[in-house]
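Undergrad: My structure is below; once you've seen it, I'll send some questions.
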Amino acid sequence: MDNHPLVSIITIVYNGEKHIAETIRSVAAQTYPNIEYLIIDGGSTDGTLSVIEQFRGHVNSLVSEKDEGISDAFNKGIRRASGEIVGIINADDWYEPDAVELVVTLMGNSDIVYGDLRLWRSDGVDDIRKGDHTRLCKEMTVNHPTVFIRRECYERFGLFDKQYRCAMDYDLLLRLYTAGCRFYYLPRVLANMRWGGMSDAQWKIGCRETLLIKDKYLPDRKLQNWLYYFKHVLAIRASKFSRRASRTKS
């Protein structure tokens, strides 16, 4: 790989006028010099396209049309990407300024590089989520907004599976992990994400899909998969109950 390989960044969006400008600015502000930026819009009916037009000089490719869901939009972007390395940052998320430069520097012989994710709630930092690909067989422990994947991995092992509504990123990453792709974890915040996306609002669907995905790629561990599923659901319910109780008391 040369010193400055082309990196394709993909943003998918649907009615995201509120935050899309921040996402675009974070891509435009990258310290890395060789970036191709693609935006895949699902046919927004709000002011999303007007906001994007303000930054048109920073966008190499814009597609605006109805799609079949998140996975379909991801796949459209990947098929159009020309870069040797592909990153995906959604319209509610944004990169740290040196994210792409760090990733390219550390890609080396790896297939996937990822890092830590800073979570925001009500304009304040809520948590920093660490990554750990060695635990992917149990749950989603790789922060998708921080992930950069060699395009050849998509070519060899496939794109996002359109049957999943919430856990399509887990399906992809577990598929790559069980196929022997080489992961590299950078213990540093690469991206930021606001709480309140689909995975947060539809956690029950996400948990169910995660179980189905584990059974697909880890069929010899079905009992462990089911036990972990029940443990995970109970833990989420307990956490949500605790937060509601705290709000009631306050």
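The values are calculated or read from the model by the stated rules, or taken from the named source; none is laboratory data. Quick caveat: nothing in here was measured; it's all calculated off a predicted structure. All Cβ positions, glycine included, derive from the backbone under ideal geometry; neighbour counts span all protein chains shown.
Undergrad: Please determine, by comparing only the residues of segment 153-165 that are in a helix (DSSP H, G or I) and out of contact with any Asp or Glu (no Cβ under 8 Å at 6 or more places or on another chain), which one is nearest to Asp92 (Cα to Cα).
TA: From segment 153-165, those in a helix (DSSP H, G or I) are 153-157; that's our starting set.
Remaining after also requiring out of contact with any Asp or Glu (no Cβ under 8 Å at 6 or more places or on another chain): 154-157.
Numbers: Tyr154: 24, Glu155: 27, Arg156: 29, Phe157: 28 Å.
Ranking the candidates gives Tyr154 first.
Undergrad: Could you look through segment 33-57, keep only residues that are more than 20 Å from the chain's Cα centre (by Cα) and under 17 Å from Glu101 (Cβ atoms), and pick out the one that is surrounded by the fewest Cβ atoms within 10 Å (Cβ to Cβ)?
TA: Top of the filtered list is Pro33.
Undergrad: Could you go through segment 110-126 and let me know if any residue there is more than 19 Å from Asn192 (Cα to Cα) and either modelled with pLDDT under 95 or touching a Lys or Arg at 6+ places or on another chain (Cβ under 9 Å) (or both).
TA: Residues of segment 110-126 that are more than 19 Å from Asn192 (Cα to Cα), as a first pass: 110-111.
Right, trim to either modelled with pLDDT under 95 or touching a Lys or Arg at 6+ places or on another chain (Cβ under 9 Å) (or both) and you get 110-111.
Yes, the conditions are met somewhere in segment 110-126.
Undergrad: If you don't mind, another one. Just checking, how many residues over segment 194-215 are in contact with a helix residue (DSSP H, G or I) (Cβ under 7 Å, 6 or more places away or on another chain) and at pLDDT 90 or above?
TA: Summing the residues that are in contact with a helix residue (DSSP H, G or I) (Cβ under 7 Å, 6 or more places away or on another chain) and at pLDDT 90 or above in segment 194-215 gives 5.
Undergrad: Something else now. Counting only residues that are over 15 Å from Tyr14 (Cβ atoms) and without any contact (Cβ under 8 Å) to a residue 40 or more places away in the chain, how many does segment 33-75 have?
TA: Residues flagged as over 15 Å from Tyr14 (Cβ atoms) and without any contact (Cβ under 8 Å) to a residue 40 or more places away in the chain within segment 33-75 amount to 12.
Undergrad: Since Leu186 meets every condition but one in (1) within 26 Å of Gly124 (Cα to Cα); (2) at pLDDT 95 or above; (3) part of a helix (DSSP H, G or I), which condition does it not meet?
TA: With (1) within 26 Å of Gly124 (Cα to Cα); (2) at pLDDT 95 or above; (3) part of a helix (DSSP H, G or I) applied to Leu186, the lone miss is (3).
Undergrad: Still on this structure, please answer the following. Quick check on segment 113-146: of everything there that is free of Cβ contacts under 8 Å to residues at least 12 places away in the same chain and outside any helix (DSSP H, G or I), which residue is surrounded by the most Cβ atoms within 10 Å (Cβ to Cβ)?
TA: Start the filter on segment 113-146 by keeping residues that are free of Cβ contacts under 8 Å to residues at least 12 places away in the same chain, which leaves 122-125, 127, 134-135, 141.
From what's left, outside any helix (DSSP H, G or I): 122-125, 127, 141.
Working: Ser122: 8, Asp123: 6, Gly124: 6, Val125: 10, Asp127: 11, Thr141: 18.
Checking each candidate, the answer is Thr141.
Undergrad: Hey, another quick one. Could you look through segment 166-182, keep only residues that are without any contact (Cβ under 8 Å) to a residue 24 or more places away in the chain and assigned to a loop (DSSP other than H, G, I, E, B), and pick out the one that is surrounded by the most Cβ atoms within 10 Å (Cβ to Cβ)? Give the steps one after another, and end with the answer.
TA: Looking only at segment 166-182, we keep the residues that are without any contact (Cβ under 8 Å) to a residue 24 or more places away in the chain, and these are 172, 179-180.
Next, only the ones that are assigned to a loop (DSSP other than H, G, I, E, B) stay: 179-180.
Details: Ala179: 13, Gly180: 8.
The extreme case among them is Ala179.
Undergrad: Against the conditions (1) surrounded by fewer than 16 Cβ atoms within 10 Å (Cβ to Cβ); (2) within 27 Å of Leu6 (Cα to Cα); (3) over 16 Å from the mean Cα position of the chain (by Cα), where does Ile205 fall short? Just the number, please.
TA: (2)
Undergrad: Would you kindly identify the helices (runs of 4 or more DSSP H) lying entirely within segment 15-106 that contain at least 2 residues that are closer than 24 Å to Arg151 by Cα? Please lay out each step first, then the result.
TA: Values: elements: 20-28, 48-54, 70-80.
Counting at least 2 such residues, we get 20-28, 70-80.
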